[in-house]
Amino acid sequence: MERIDFRDQIARNKRNSFFLILIVFLILIFLGYVISFAFDKSYFFIIMIFSIFISTIYVFFSYYNSDKIAIASVGAKPADYQKYKMYHELVEGISIASGMPKPKIYVMNSQQINAFASGRDPHHAVICVTEGALEKLEKRELESVIAHEMGHIANFDIRYTTLVAVMVGMIAIISEIFLRSMHFKTDNKGNKAGAILILVGVLLAILAPIFVQLVQFAISRKREYAADATAVKFTRYPEPLISALKKIQKENTFPEKKISKSIAPLFFANPLKNLTSTHPPIEKRIMALERM
């Protein structure tokens, strides 16, 4: 089996994520371009200002409070040092290995083996693991899962996901306003070309939000591969991470009903068990790790 270096895996996934974000941006521009022809340009200008204003407020609040929002949404509690001493020591060890400050650490009430990280940068980061992970994982397995989450922090994944979420939100807002405005639209172009452009605009408004959400899922999957590779970089061995993934694979747990779809991409393993997954298949993650 041909082996790959974790540095190559990290670089490859970062490039892929950049191009996926570029696709979302181009869809936003193209959607706006088509709609500007279907409607009066001054009208569309007002729509764009409104959309950008709402999105800017959203990204500012979400970006600077991403750690607090994530922790509050799952009802996680701070990890007591005496009760979770090994957990603290493992995080401290990975912090030293990665050269990053120790993040605040939390525990979530769940029997699933899972974890997530959030925060806008290494100095404003949190890590949360489930009680199931603390109970069911061996020490080196837990260390590798923590290293994976530290990889998300090191790779500034929150910046990527926040940017894409804002772009997706802008496209959804523009598409929704466009479709609703069709009820009040009168044909002032009076020609076949104008009717075709309006039809194209309607199709784009319907399909674009669906497509960019799929792109958002793809970006999330790429970031998981990169975080797996970064975990190997921090611990220098992929075997415990593979073992942890195999334990998750064998688990027969119900979806976490209290976790929203917006938070699900942050987790180590998909907590919702749905078909449109925000994570790559565990089998493929194991195969990539076995080649390192």
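At a glance:
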| read-out | value |
| --- | --- |
| Sites GLU89 and LYS246, calculated FRET efficiency, Cβ-Cβ separation with R0 35 Å, nearest 0.05 | 0.90 |
| Tensor-based shape of the range 210-250 (alpha-carbon gyration tensor, a/c under 1.5 rounded, otherwise prolate or oblate) | oblate |
| Residue order, fewest to most beta carbons within 10 Å, for ASP67, ASP157 | ASP67, ASP157 |
| Per-residue Cβ neighbour rank within 10 angstrom, fewest leading, VAL232, VAL129 | VAL232, VAL129 |
| Footprinting exposure proxy for LYS233, LYS250 (fewest neighbouring C-beta atoms within 10 Å first) | LYS250, LYS233 |
| Additional length obtainable on full extension of the chain from PHE61 to ASN109, 0.36 nm per residue less Cα span | 14.6 nm |
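Since every read-out is calculated from the coordinates, none of them should be taken as a lab result. These numbers were taken from a predicted model, which means no experiment stands behind them. Note: ideal-geometry Cβ built from the backbone for every residue, glycine included; neighbour counts use all protein chains shown.
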